[in-house]
Amino acid sequence: MSFHNKIVIVTGAAKGIGHGVAALYAEKGARVVLADVDKVAGEQKAAEITAKGGQALFVQTDVRKETDIINLVKTTYDKYGQIHILINNAGKGLFKSPYEVTLEEWDDVMNTNLRSVFLASREAGKYMRENKEGGAIVNIASTRAIMSEANSEAYAATKGGIVAITHALAASFSEDCITVNAISPGWIETGDYEKLTKLDHEQHLSKRVGKPEDIARACLYLTASENDFVTGVNLVVDGGMTRKMIYEE
């Protein structure tokens, strides 16, 4: 799987999964555009990638704003002349009683997590369809699209929506040779991995909690040009957590 000089946009790339994804693409030779609302963290992460010999550009972007997304994609195209890969990773959580969630909070999560996927895919797709080889889009959903805990309605709704819009976009973009897939991460630890307990790890069939690079490697698979037969899927990457039956003793 070669990504040398491929142009890759990653939203929500200033930390966590997004940064892990951007860093791995850069390591594989891609030119990575990091998008995030956090200017300081975004510029820092881009600088870290560059310091390691990678090629990275930061574009401050609030994915809730259509104008920002249009600017992100146009800036990328103006800089590099092509766009090959888009990773829609930006998102936020909201864990609050449904009796107390305000309309403003609901819309904020919807616009950040779900509407941004449509807008970024629409804009990037306009340029990808001009490529001879097409392009590839990966949307980061969540296992919370298929399972829940209390007080997570807005987040779950957006992640379920991401899974659905993924196969819809795959159908719509198929004539332009653009693949569209989703990844549903399970527990991916983006903080201090060493603080996790044996019980945390044992909740997984893999016997460990996930790391950002686990999702990054899945992105590589779904966006490799030789894997263009894979489209419209939701790849669950969760160490088997959603398949493990747990009974309380």
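The values are calculated or read from the model by the stated rules, or taken from the named source; none is laboratory data. These numbers were taken from a predicted model, which means no experiment stands behind them. Because the Cβ atoms are built from the backbone with ideal geometry, glycine has one as well, and the counts that use them run over all protein chains shown. Note: accessible area is taken over every heavy atom of the protein model, side chains too, but ligands, DNA and RNA are not part of it. Shrake-Rupley method; radii C 1.70, N 1.55, O 1.52, S 1.80 Å.
Filtering region 211-249 to residues that are open to solvent by 20 Å² or more (accessible area, probe 1.4 Å), free of Cβ contacts under 8 Å to residues at least 40 places away in the same chain and part of a loop (DSSP other than H, G, I, E, B) leaves 229, 245, 247, 248, 249. Taken together, the residues in region 30-45 that are open to solvent by 10 Å² or more (accessible area, probe 1.4 Å) and not in a strand (DSSP E or B) amount to 8.
Within region 148-197, the set of residues being part of a loop (DSSP other than H, G, I, E, B) and farther than 25 Å from residue 239 by Cβ comprises just one member, 177. Hey, does region 20-29 have a residue that's more than 19 Å from residue 223 (Cα to Cα) and either outside any strand (DSSP E or B) or charged (D, E, K, R) (or both)? No, because not a single residue in region 20-29 is more than 19 Å from residue 223 (Cα to Cα) and either outside any strand (DSSP E or B) or charged (D, E, K, R) (or both). On inspection, residue 125 does not qualify as crowded, with 23+ Cβ neighbours inside 10 Å, closer than 21 Å to residue 35 by Cα, in contact with a strand residue (DSSP E or B) (Cβ under 7 Å, 6 or more places away or on another chain) and small (Gly, Ala, Ser). Taking the numbered list (1) open to solvent by 40 Å² or more (accessible area, probe 1.4 Å); (2) outside any loop (DSSP other than H, G, I, E, B); (3) not β-branched (Val, Ile, Thr) in turn, residue 208 passes all entries but (2). Considering region 71-105 alone, what residues qualify as being surrounded by fewer than 16 Cβ atoms within 10 Å (Cβ to Cβ), assigned to a helix (DSSP H, G or I) and either touching a residue at least 40 places away in the same chain (Cβ under 8 Å) or of a type in the set (D, E, K, R) (or both)? Scanning region 71-105 gives 74, 78, 79, 104, 105.
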